[in-house]
Structure formats: structure tokens, C-alpha cells
Amino acid sequence: MKKIEIGHGSGGRLTRDLIEKLFLKYLDSNELKPLEDAAYLRFENPNIAITTDSYVVRPLFFPGGDIGKLAVCGAVNDIAVSGAIPKYLSLSFIIEEGFLIKHLEDVLKSIKMTSEAAGVKIVTGDTKVVERNKCDGLYINTTAVGEIVTPLVIENISDGDAVIVTGTLGDHGTAVAIARNEFDIDASVESDCAALSGLLTPLFDIDGLKWMRDPTRGGVATVLVEVAEKTSLGIEIYEDKIPVRDDVRFISDMLGYDPLYLANEGKAVVITSHEAADEILNKLRLHSLGKNAALIGRITTKHKGVRLRTKIGGERVLDMLEDDMLPRIC
Amino acid sequence: MNKSENLIKHIHSLVPKDRKVKIMNVCGSHEHTIAFSGMRSLMPQNLELIPGPGCPVCVCPESDIINAIKLSKRDDVILVTYGDMLRVPTQQGSIRAEGKNFRMITSPFEAIAIAKNHSDKKIIFFSIGFETTTAPTAAILEMGIPDNLYILSSHRLTPAIMEILVKDADIGIDGFIAPGHVSAIVGSNAWNVFSEKYGIPTVVAGFEAENLLLGIVDILRQIKEGIAETTNVYSNVVRPEGNTQAQRIMHKYFEVSNVNWRGIGYIPDSGLELKSEYSARDARKVFELKEVKEEKIPGCICGEVILGKAYPSKCKLFKKACTPQSPTGPCMVSQEGSCNIWYKTN
Ligand code: SF4
């Protein structure tokens, strides 16, 4: 068994084989092992957060991650930024006929590692196989559930609040762009793909934590424009405070991308009260994933929408970009 | 106080108090820096920074694009050109939407590689742009190109369009920021005509906001002193005589011609075509291309935008029907186009 065949998704013997010999080798939670139609879950807390997402990234493997790690991190992060602790995860695979089993195994290994590190259990799953050329190798869908500790709703945000990012911006977008080999650039850039539950849960009990979001597709700018629209408040961002890695800055300049609009897969935008900003920054910076956390802006009532205060002291509007700079980034 | 703050203070103190001052840039990268640094928000009220004809794909005539689309439909042809060019709209669609055999390249050298790898096809390099892209095209001709590679030249000369601009009283330009990359090739002396013949202070500047501010300061200084000079604040890159080697090979292969600028019209001696000695490489001659009549895009005011007579926001289609995702006019396509830049920063 070297390659995935149509029969692997038929629900018959081949499927059974694939699940028992491969999937269960890496995914072995007690909830999953009975292979029943549904998993029974236990919660200590009746308040549950749930999220779902599909992953179609191209290429499937990139420096700093792969589609499996991305799928786990994406689901975990969506739960964590909602003020909840991620607990359980479902995984659905759509695999193209002819996909190398070895690659599937690599993805599963990375799912195992990432989910264990993030403390989430994979409790249910599904596998479908489609004919050659009907999908691009492998797509993954995940659903995650978590227990709510502190509900973070956008209405919490008010004038004077601080806008914090947990680290450098645009790493994932740049990494994937380069990994596609479409540009004549001889460099390798690491994605920031990481599960943020360990970084963010310690913030939950800080008074003044108001709202969080993981800025994936569309980047931080898109998240902020959404916040400004939904709250009818203004946001002022300071260009010289935005953390960007040197390699990301160099390459995005070259390609004409703006890191503010590039995808991140291991970062959060954290909005806090003015008073709590320092405590939150300090806590973030204690964690290896939050070393470069920075306060990049403020909520204001002086104007609506998002405005960037530039390095030379000028001002310009930050708007949502209509053109998807890089499709299939996650 | 940091350096930019100082320069901005300087600009405020130098600007004449009693009249409007218009400074035009003629380079998409300059406009990019100005818009993205929010420079306009820091200028005195009576000082206008106007984007001019700095976007090469914006002025490329519709006729050439339509011919490129037609050529790409031939089974024996692969059309190669720069990425932005593929998306420029015409009455017959864009190369990307309507063309058949086409490839994007980032440098003319890739055209050679494609020609070598497809010796059974005719490779047509749709070579567009100002002096900065003409030089590399001349360079591959000088190196020697494969027999199956042809050039569709749609090159334009920056000084020629600037002369049209200074003569237009409607615009009323008080100073030019001359383009840094173009200047590296043609040399800062190429702009002397503007200060000497037309009395317009002209400064060659680079692409950092600070360097541009320095250029603006120098234009205002000249206005205040009542003089007009051509100066260079980008002298670590631009020499007075420019890149003479590049100039020599450009003149060897190309000669000036009367050409159409999209949305603007025909301007004498403002474009470059291959010299007749190289007709065998000239796609226009080899494939007997016919001029297609240009049609105005309803509602699009790109012509006025390029000439600095209107800001993009004056266009009724701006941010409505016309967006970077589906551009109605050429100025919305490339990152050097004023409408595209405006879309992202205003
Ligand atoms: S906004 Fe679009 S239609 Fe209007 S002038 Fe610019 S490119 Fe033309």
C-alpha cells in the first residue's frame, strides 16, 4: 500500500485497513478508538465554544508546518481567541486518488504532535477519496470544541483600548508564497504556524482583556477593519510599532506585499483596556510564542475606520483589500 | 526631532504663502511611497503632490494589447510579457481573459529561456515600459537572441511626456520630481531641459520617504530663490551622465517614433521602435500587425489621472465598478497605477 486508491474511501475493507493501520497508529484517543459513528464527550463546564474550518493550503508541506499542523492549530486558535480552552477536535480528510501514503503518514504524525502539545483530543474523523485531479492532494476539515472561560465579545471594545499583536506579522503568508516556487527567490521563510492555547489561556483571568482574533487570511489589517466596522469606532495604528521579521520585510517589499495584510497562523490580535495593556504584554512576552508581542495601536472615537500613523508621521487609511493576494493560504 | 520631521518643518517654512504650488512625480514607485507614507497629510494646504504618468502599463496603447491577444491565439505562438500587462482591460478583454498561449515573465532573460525550450514555436516578447525596461530588452538583443524570439516593442520615453505636461497650462506644474530608476539610466542631465528651457525646478529623488521629502525641500528652495535648476538628491545611484553603456545599446537597437499613449493620444518622438536593420526581430513587421482604433472606456478618466488633471477619487467608477480585483481601466491594474494606489490608501 503505497498510494491512496479510490477503495480507501469506499467504507469497505480498504477503508478499514487504512484507518486501523495508519490513522489509529497516530490518533488513539479513547473517544476515537471504538470507531463508532459518534464520539461521546464529557465537559466539566456547560458553556461550550465550537468552530469549524477547512484547509486547502498549497503546498501541503512548507517550512515551519504542513496542512496537518495547520488544521490543528487553526481550530485550536479559533477556540483560544474566543476565551475558551480547546478540548476536542474532529478531522475529516478529502484525499485525491494516488496521494502517497507516506505523505499522509507525515501529515498524521504532525497532527499527533501538534494536538498533543495543544492538549486537544482527536475524537472523531472521516475519510473520503476523490478521483485523480478532482482535488489537489489533500484537504482537511476540522471542528473543535472548547470550554468557555471568559466570553470575549466585540461589544467589550471601547474608546482608549489598546491593540496588541502577539508577535511578528506576515510570516505564514510569506512562507507559503515562497514555498510555491512561483517567484525567482532563493530563500526559505518559516511559517509561524503554532497552537496559541498555551500563550493565550493565561490571559483569560486578567481584568481588561476584551477581545481577541487570530489574523489569518487578510492579515491584521482585515481584522482591524472588521472591528472598526462592527463597533463603529476608529482605530489608530502606529507603523513603527508593527513587528515584522527582517526576512519577511525584505521579501514582502520585493513582492509588493504589505505584512499587515499577510496571513499569520500563530499570532493573535488582543484588544485590552488601557490599564491592562502592560500586564498583558508582560504576560505574553514571558511565553516563547509571545516574545515579540507589541502594542501597535489604540481604539479611538476621533475618527471612524482604521488609520495608519506612518513612520514619517503621516496618516493614511487602511482598508480591506478586495484582491486576495494569495489564494489557498490555509 | 527626527530627520523627516525636520524636513517637513522645512517644507512648511519654505512654501510660498500666497499661492498654490504643484509638484508632480512621474514614477509609480514615487507615488507609492508618497501615498503609503501618508505624505500628503503632512504637506502645507497649498502644496499639492500630483501623481503623473509614472505607470507603464497604464499608458500602453490598447491597440498593442489587442494585437498581443490576437497573436497569443495563434497555435504557433507563445506571447510572453510582464505580469501586470496580462490584466490590463481593453474593449476585447485582457490578455489573461481572452488570450490563449501566453506566459508571464519577470525579466527579458526568461523570454530567451522560453524560446530555447520551445524551438518549434514563435515566442513574442511584448516589451513595454519606460527606459528602465527598455535597457534590459536592448541588453538581450545585444547578447543575441534565438531566431524564434520576436519583440513587440511598446516602449515609452519619460522626458517626452513630461514636455507635454509642462506645456499644458491647465496643469500648471511648479516642480518635477524626476524618476529615480529612469534617471539611473538616462542620467540627471536628461532633465536639464525642464529647468533650462521651461524654468521648472526639477529634482531627481530616490524612493525612501525621507529622500522624497528632501527633493520637495529642494524644489521649494528653488521656487523661493526664484531660480530653476536640475538637482539630484539620489546621487548615490544616479550619475549626471547616467548609464552610458545602457544608453549606447538602447540607441543601437531602438529609434524614436510617434506613438499613441493610452487615454492621451499621439505624441511625436515619444516612443521607441526597433530600427529597420532589426525588422526580422520586430513582431510588428514580421506578423504585419495593424493598428486597432482605440475606444474610450465609458466612465474611465485614466487619461486625466495620468496627466495629473484629476485624482482617482474623481472617477465615478472608482471603488465601485472599478477595483483592483476587476479593474475597469488600466490605472487600477498595477501597483504603480494611481487608481490602484489610491484604492489602498484613501
Ligand atoms: S478608477 Fe478605474 S475607471 Fe476610474 S479612472 Fe481609475 S482606472 Fe479608470
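The values are calculated or read from the model by the stated rules, or taken from the named source; none is laboratory data. Just so it is clear, the model here is predicted, and its values are computed rather than measured. Positions of Cβ are backbone-derived with ideal geometry, glycine not excepted, and every protein chain shown enters the neighbour counts. Quick note on the areas: whole protein, heavy atoms, side chains included, nothing else; ligands and nucleic acids left out. Shrake-Rupley method; radii C 1.70, N 1.55, O 1.52, S 1.80 Å.
Whole Å is fine, so just give me how far the alpha carbon centre of region A:142-183 lies from that of region B:192-243.
44
How much net charge surrounds residue A:313 when only other residues with a Cβ under 14 Å from its Cβ are counted (Lys, Arg +1; Asp, Glu -1)?
So the surrounding residues net to +2.
What total accessible area, in Å², is buried where chains A and B meet, using a 1.4 Å probe and rounding to the nearest 100?
Looking at A and B, the buried total is near 1400 Å².
Suppose the Debye formula is applied to equal point scatterers at every Cα of region A:173-226; what is log10 I(q)/I(0) at q = 0.28, 0.31 Å⁻¹?
Log10 I(q)/I(0), no solvent term: -1.11, -1.16.
Kindly flag which residue pairs out of B:316/B:344; A:267/B:314; A:3/A:109; A:33/A:102 have an alpha-carbon separation exceeding 28 Å in this structure.
Listed pairs above 28 Å: A:267/B:314.
Where q = 0.12 Å⁻¹, what log10 of I(q)/I(0) comes from the Debye formula for region A:6-148, counting one point per Cα?
The calculated log intensity ratios at q = 0.12 Å⁻¹ are -0.46.
Near residue B:293, which aspartates and glutamates are there with a Cα under 19 Å away, not counting those fewer than 8 places off in the same chain?
Answer for residue B:293, where 19 Å is the Cα cut-off: B:62, B:64, B:98, listed by chain and number.
Restricting to Cα pairs below 8 Å that are 6+ residues apart, what does the relative contact order work out to for chain A? Please round to a whole percent.
Worked out over chain A, it gives 23 percent.
Quick one: length gained pulling residue B:107 to residue B:252 fully straight, 0.36 nm per residue minus the C-alpha distance?
Contour length minus Cα-Cα distance gives 50.2 nm.
Treating cross-link reach as a plain straight distance, find the aspartates and glutamates whose alpha-carbon is under 16 Å from the alpha-carbon of residue A:283, omitting any fewer than eight places away in the same chain.
Cα-Cα hits under 16 Å: A:205, A:207, A:275.
If you wrap a convex hull around the Cα atoms of region A:125-253, how much volume per residue is inside, in Å³?
Dividing the Cα hull volume of region A:125-253 by its residue count gives 172 Å³.
Any idea what the dipole of the protein assembly as shown comes to, in debye rounded to 20, about its Cα centre with Lys/Arg Cβ at +1 and Asp/Glu Cβ at -1?
That gives a dipole near 700 debye.
Label residue B:96 and residue A:229 with points 7 Å out from Cα along Cα→Cβ: what is the distance between them in nm?
2.3
Could you tell me what a quarter of the Cα convex hull surface of chain A works out to, in nm² with one decimal place?
Across all orientations, chain A yields a mean hull projection of 17.3 nm².
Tell me the angle of helix A:101-118 to the major Cα principal axis of chain A, expressed in degrees between 0 and 90 and rounded to the nearest ten.
So the helix axis and the longest Cα principal axis differ by about 50 degrees.
Hey, what angle do you get for helix B:131-143 against the long axis of chain B, alpha-carbon based, 0 to 90 degrees rounded to 10?
40
State in Å² the accessible area per residue of region A:92-155; use a 1.4 Å probe, count heavy atoms of protein chains only, and round to the nearest integer.
Accessible area per residue, region A:92-155: 46 Å².
Compute the acute angle (0 to 90°) between the alpha-carbon long axis of helix A:219-231 and the principal axis of greatest extent of the alpha-carbon atoms of chain A; round to the nearest 10°.
Helix A:219-231 sits at roughly 70 degrees to that axis.
Distance in nm between label sites at residue B:193 and residue A:156, each 7 Å beyond Cα in the beta-carbon direction?
Distance between the two pseudo-spin positions: 6.4 nm.
Mind putting together the pair-distance distribution for region B:302-345? All Cα pairs, 5 Å bins, whole percent per bin, short to long.
Using 5 Å bins, I get a P(r) of 5, 30, 38, 23, 3, 0 for region B:302-345.
So what's the protein assembly as shown giving for Rg/Rh, alpha carbon basis, Kirkwood Rh from the mean inverse pair distance?
Rounded to two decimals, Rg over Rh is 1.03.
Give the Debye-formula value of log10 I(q)/I(0) at each listed q (0.06, 0.07, 0.09, 0.13 Å⁻¹), with one equal scatterer per alpha carbon of chain B, two decimals each.
-0.22, -0.29, -0.49, -0.99
Before I look further, what does region B:213-329 give for accessible area per residue, probe 1.4 Å, in whole square angstrom?
I get 53 Å² per residue for region B:213-329.
Rg and Dmax of region A:227-292 over Cα atoms: what are they, in angstrom?
Radius of gyration, then largest Cα-Cα span, for region A:227-292: 14.2, 39 Å.
How well do other chains shield peptide B:339-345, expressed as the mean number of their Cβ atoms within 10 Å of each residue Cβ?
3
With the cut-off at 1.5 for a/c, could you classify region B:58-187 from its C-alpha gyration tensor as rounded, prolate or oblate?
oblate
Which Cα, out of A:175, B:227, A:269, lies furthest along the positive dipole direction of the protein assembly as shown (beta carbon charges, K/R +1, D/E -1)?
B:227
Where the centroid of each part is defined by its Cα atoms, how far is region A:208-247 from region B:11-87 in Å?
Cα centroid to Cα centroid, the span is 29 Å.
Quick one: accessible surface of residue A:285, probe radius 1.4 Å, all protein chains present, in square angstrom to the nearest 10.
Accessible area of residue A:285: about 110 Å².
Pop the C-beta distance of residue A:35 and residue B:346 into the FRET formula with R0 = 60 Å and round what comes out to the nearest 0.05.
0.55
With the crude spin-label approximation of a point 7 Å out along Cα→Cβ, what separation in nm comes out for residue B:290 versus residue B:5?
Each label point lies 7 Å from its Cα, and together they span 6.5 nm.
Just subtract the alpha-carbon distance of residue A:109 and residue A:254 from 0.36 nm times their residue separation and send over the number in nm, one decimal.
Gain on extension, residue A:109 to residue A:254, equals 48.7 nm.
PRE reach from residue B:310 (point 7 Å along Cα→Cβ): which of region B:324-346 fall under 16 Å by backbone N?
Correct set: B:328-332, B:338-340, B:342-343.
Heavy atoms only, probe 1.4 angstrom, no DNA, RNA or ligands counted: give me A:320, B:104, B:250 ranked by accessible area, highest first.
Ranked list, largest accessible area first: B:104, A:320, B:250.
What residue among B:270, B:63, B:279 shows peak mean-square fluctuation when chain B is described by a Gaussian network model with Cα springs under 10 Å?
Highest fluctuation of the listed residues: B:279.
Name the residues of region B:23-42 whose accessible area falls by at least 10 Å² when all protein chains are present instead of the chain alone, probe 1.4 Å?
B:36, B:37, B:38, B:41, B:42
Please give every one of the aspartates and glutamates within straight-line cross-link reach of residue B:275, meaning a C-alpha to C-alpha distance under 12 Å, and leave out same-chain neighbours fewer than 8 residues apart.
Result set, ordered by chain and number: B:255.
Distance check, please: which entries in A:304/B:3; A:302/B:9; B:100/B:290; B:20/B:296; A:87/A:128; B:73/B:116 exceed 22 angstrom between their Cα atoms?
Table pairs above 22 Å Cα-Cα are A:304/B:3; A:302/B:9; B:20/B:296; A:87/A:128.
Expressed as a rounded percentage, what relative contact order does region B:202-306 have, with Cα pairs under 8 Å and six or more residues apart?
Relative contact order of region B:202-306: 17 percent.
Compute accessible area for region B:186-232 by itself and then with all protein chains, 1.4 Å probe, and report residues whose area falls by 10 Å² or more.
So the qualifying set is B:209.
Per-residue accessible area for residue B:291 at 1.4 Å probe radius, Å² rounded to 10?
Using a 1.4 Å probe on the heavy atoms, I get roughly 120 Å².
Whenever you get a sec, compute what percent of the accessible area on the protein assembly as shown sits on carbon and sulfur atoms (1.4 Å probe).
Looking at the protein assembly as shown in its full context, I get 50 percent from C and S.
With springs connecting C-alpha atoms under 10 Å apart, model chain B as a Gaussian network and identify which of B:297, B:164, B:69 has the largest mean-square fluctuation.
B:164
Given the peptides A:69-82, B:204-217, B:40-53, A:145-158, arrange them by the average over their residues of other C-beta atoms within 10 Å, most packed first.
In descending order of packing, they fall as A:69-82, B:204-217, B:40-53, A:145-158.
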